Amino acid sequence: MEKMKWFREAKYGMFVHWGLYAELGGIWNGRHYPHGTEWIMKYARIPVQEYRKLADVFNPVDFDPEEWVEKAVRYGVKYLCFTAKHHDGFAMYDSKVSDYNIMHTPFGRDVVKELSQACRRHGIIFCVYYSQMQDWEDPNGNGNDWDYVEAEKDFRIYFENKVKPQVKELLTRYGDIGMIWFDTPYDMPLELCRELKDWVYSFQPDCIINGRIGYGLGDYRQMGDNNIPVLGYEDDWETPMTLNNTWGYSRVDEYWKSPRDVIKMLVDVSGKGGNLLLNVGPTPLGKIPEGSHEVMETVGDWLKINGDSIYGTNRCVDFPYQIKWGGVTVRENNLYLHVMTPDADAEEIVLYSLETKVKRMYVLATGEQVPFRQYYEPARDEYWFRITIKGYCQDPLDSVLVAELEGEPGVHDIYMPSRK
Ligand code: H79
């Protein structure tokens, strides 16, 4: 499908979770609610009338859309997905549908508008997250059973009067939206999911819909939060991933993944044919936390040199043996060997079971040729591809070696019964 082209090439996006919950940073009444600070209203069962007071103080004076998007460019992400409305029901844009929105805060600026414009200026594809089923402020939305009585709710009223008009606003007032990212469809009826899908396409047929619209109606499969599949996956897919252990801003969680962790995931996910949507949770004042920034900037620096091994890559064949020194990505006839954790003092690495002939090998960062040997051992029925790494792998994070093959990589099937 033509509209999936940008998504397939992008490989790496930035998720931004920002809402009233940033104000609390995971702490309510002196108690810390870990994991999912954006869930604090539900976790702590904060009454709507209490929670909405956060809107009276929300004033992120440091918010600068230009700075966020310039950073996104430096980080090497190709799309940005912003929480226009999360489960708490609060719209981060100028919604005429419900006053429960950012214009009714001391800040009073339309963040969706400003971000969409900044993204367009910098060539980043702008996407919106919209929680279509859960809404803890709306009396008929799903999820809030501490202010409202579940049995008295009429989901259809909420769907008609809030979801559809708000989705329409998002798709008609901010230019092209690359993708709309739905979440937690739970047991939403199939007809309503279909209706929502048609509704989206009626305004923007080229807008990608993520898998969490439900029932496989989306344009690609959404893997579970923080879940990377074990094997390569044929269709388009994406894994949303936190950089620490929460999506929204946390005042206490500094358990950042390292740049090496992120690069490893990017290689893993790209090799399996998917995208990584890596999250940042800006502060109540509107800054990208320093801890996220440092990691993402380092990954961005690595991508500047080694981006060819990630962007636009295709799903790689599953090699039968675990690759202990790193991972492999592929684009057409180029195989990218990511040397991340070679044994100490290793002279060479081996990639087993590659049947396709290698024409040439070089270091991606420098173009320097790399010596290798490739042969088949008939007695053991094994294909060997041995690559000299000593002196060629200077990047402590991930040194990428490129093998130009005679065709697309083919792998020897070790699971075939042996010939006797
Ligand atoms: O927006 C992020 C999450 O808030 C949302 N999806 C990502 C992208 C999400 N909604 N529901 N869930 C994830 C699954 C719910 C998991 C839960 Fe929990 C486990 C809710 C309470 C315990 C994870 C940990 C979320 C909050 C704490």
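Take the conditions (1) modelled with pLDDT of 95 or more; (2) surrounded by fewer than 19 Cβ atoms within 10 Å (Cβ to Cβ); (3) within 16 Å of the ligand (Cβ to nearest atom); residue 14 misses just one of them, which is (2). Within the stretch 376-420, the set of residues being under 32 Å from the mean Cα position of the chain (by Cα), farther than 29 Å from residue 301 by Cα and polar (S, T, N, Q) is empty. Restricting attention to the stretch 392-403, the residues that are over 16 Å from residue 350 (Cα atoms) and out of contact with any Ser or Thr (no Cβ under 9 Å at 6 or more places or on another chain) add up to 2. As a summary of the residue check, residue 21 satisfies the conditions (1) crowded, with 17+ Cβ neighbours inside 10 Å; (2) farther than 22 Å from residue 133 by Cα except for the one numbered (2). For the stretch 386-409, filtered to residues that are in a loop (DSSP other than H, G, I, E, B) and of a type in the set (A, V, I, L, M), the residue that is nearest to residue 343 (Cα to Cα) is 389. Residues in the stretch 43-57 that are under 12 Å from residue 137 (Cα atoms) and away from the ligand (no atom under 16 Å from the Cβ): 47, 48, 49, 50, 52. When the stretch 1-14 is examined, which residues are found to be over 21 Å from residue 93 (Cα atoms) and not in a loop (DSSP other than H, G, I, E, B)? Those that are over 21 Å from residue 93 (Cα atoms) and not in a loop (DSSP other than H, G, I, E, B): 2, 3, 4, 5, 6, 7, 8, 9, 10, 12, 13. Taken over the stretch 245-263, the criterion of being under 18 Å from residue 12 (Cβ atoms) and either surrounded by 16 or more Cβ atoms within 10 Å (Cβ to Cβ) or of a type in the set (A, V, I, L, M, F, W, C) (or both) is satisfied by 247, 256, 257, 259, 260, 262, 263. The residues of the stretch 166-189 that are part of a helix (DSSP H, G or I) and either within 16 Å of the ligand (Cβ to nearest atom) or of a type outside the set (A, V, I, L, M, F, W, C) (or both), listed by number, are 166, 168, 169, 172.
How many of the residues making up the stretch 264-286 are of a type in the set (Gly, Ala, Ser) and either crowded, with 24+ Cβ neighbours inside 10 Å or within 16 Å of the ligand (Cβ to nearest atom) (or both)? Reasoning before the result, please.
Of the residues in the stretch 264-286, the ones of a type in the set (Gly, Ala, Ser) are 270-271, 273-274, 281, 286.
Checking which are either crowded, with 24+ Cβ neighbours inside 10 Å or within 16 Å of the ligand (Cβ to nearest atom) (or both) leaves us with 270-271, 274, 281.
So the count comes out to 4.
Somewhere in the stretch 64-73, is a residue within 14 Å of the ligand (Cβ to nearest atom), β-branched (Val, Ile, Thr) and buried (at least 20 other Cβ atoms within 10 Å of the Cβ)? Looking for residues that are within 14 Å of the ligand (Cβ to nearest atom), β-branched (Val, Ile, Thr) and buried (at least 20 other Cβ atoms within 10 Å of the Cβ), one finds none in the stretch 64-73, hence no.
If the requirement is being more than 16 Å from the ligand (Cβ to nearest atom) and buried (at least 21 other Cβ atoms within 10 Å of the Cβ), which of these qualifies: 30, 76? Step through it out loud before you land on a result.
Numbers: 30 fails: buried (at least 21 other Cβ atoms within 10 Å of the Cβ).
Of 30, 76, the one residue that is more than 16 Å from the ligand (Cβ to nearest atom) and buried (at least 21 other Cβ atoms within 10 Å of the Cβ) is 76.
How many residues does the stretch 239-260 contain that are more than 11 Å from the ligand (Cβ to nearest atom) and closer than 24 Å to residue 18 by Cα? Residues flagged as more than 11 Å from the ligand (Cβ to nearest atom) and closer than 24 Å to residue 18 by Cα within the stretch 239-260 amount to 13. Looking only at residues in the stretch 134-156 that are in a loop (DSSP other than H, G, I, E, B) and of a type in the set (S, T, N, Q), the one that is surrounded by the most Cβ atoms within 10 Å (Cβ to Cβ) is 144. Number of residues in the stretch 273-327 that are hydroxyl-bearing (Ser, Thr, Tyr) and in a helix (DSSP H, G or I): the value is 3. Does residue 375 satisfy the criteria of being part of a loop (DSSP other than H, G, I, E, B) and either of a type in the set (Ser, Thr, Tyr) or modelled with pLDDT of 95 or more (or both)? Criteria not met by residue 375. Would you check if residue 43 is closer than 29 Å to residue 275 by Cβ and among the aromatic types (Phe, Trp, Tyr)? In short, no.
The values are calculated or read from the model by the stated rules, or taken from the named source; none is laboratory data. These numbers were taken from a predicted model, which means no experiment stands behind them. Glycine gets a Cβ as well: all are built from the backbone with ideal geometry, and neighbour counts include every protein chain shown.
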